[in-house]
Each structure stands twice: as structure tokens, then as C-alpha cells.
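Chemist: Can you read through this structure? Questions will come right after.
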Amino acid sequence: MAKQKIVVKVTMNTEKKARKALQIAVSLSGVESASFVGSDKDQIAVTGEGIDSVELTTLLRKGVGYTELVSVGPVEEKKPDAAKETNPTVASLNFNPYQYYYGSYGMPCYAYAYEI
């Protein structure tokens, strides 16, 4: 099954009812996330796979009060933009402390002289 998003409008007068409504929404099987939406935060958006919208509204009506099913639909997958896909170039920090001591012939050339 595909992921679906269910938006339910619930009458929540107190903070206790809001917490209880969110707890009921999350307790259903298949729910991945639930959050408050809307201008008055009186709607709950539930996202997941195989969620029964009738069971959700029935449980919310029993536990909290008046509940109205606003919408049921598939989750819109966000596709990354072409600009966001390209990673910014990161300068690699390959620091070699011996780069000034080695000559082009591959042998080390030390800065001090040997005395024999």
C-alpha cells in the first residue's frame, strides 16, 4: 500500500484534549507521524501506511468529542531540485609537510648538509 495523509478536524478546547487526541491518533497501527495543522491548530494530520480513516475518526469521537474528516489522500513525495542535487565543491585538505623537501627525482633533499 502507498503512504497516505489523513487530515481530521477535532474540537479541542483544552490542552488535555489536544494531547489526548494526538495520543489516540498515534496509537493506531500504521501511523508514522501525526502533527497539528491549520491556522487554529484544530486539525490533526496523520501520515502512514494502511491507516483506517473511519477507525481514526470513531476513536477520536469517543475519546475527545466532535471530529470531522477533512481529507484523505496520498502523500506527496518531495522530489529534490536539480540545483539541490549538485553538491557544492569542497576543497580537499591534502597537506603534505614534505612537499618542499622532495625534489623531482623522488629522493628526499634535506635542508641541512651532511658533514663527513
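Chemist: If the reach is capped at under 25 angstrom between alpha carbons, list the lysines near LYS5, excluding any in the same chain fewer than eight residues apart.
Modeler: Within the straight-line cut-off, LYS5 pairs with LYS16, LYS17, LYS20, LYS41, LYS62, LYS78, LYS79.
Chemist: If the chain between THR58 and VAL72 were fully stretched, how many nm would it gain, using 0.36 nm times the residue separation less the Cα-Cα distance?
Modeler: Net length gain for the segment: 3.5 nm.
Chemist: I need the peptides 55-61, 15-21 ranked by packing, meaning the mean over residues of other C-beta atoms within 10 angstrom, with the highest value on top.
Modeler: Order by mean packing, descending: 55-61, 15-21.
Read-outs throughout are calculated quantities, based only on the coordinates presented, and are distinct from any laboratory measurement. In this text, all values refer to a predicted model and were calculated from it rather than measured experimentally. Please note: Cβ atoms are built from the backbone with ideal geometry, for glycine as well, and neighbour counts cover all protein chains shown.
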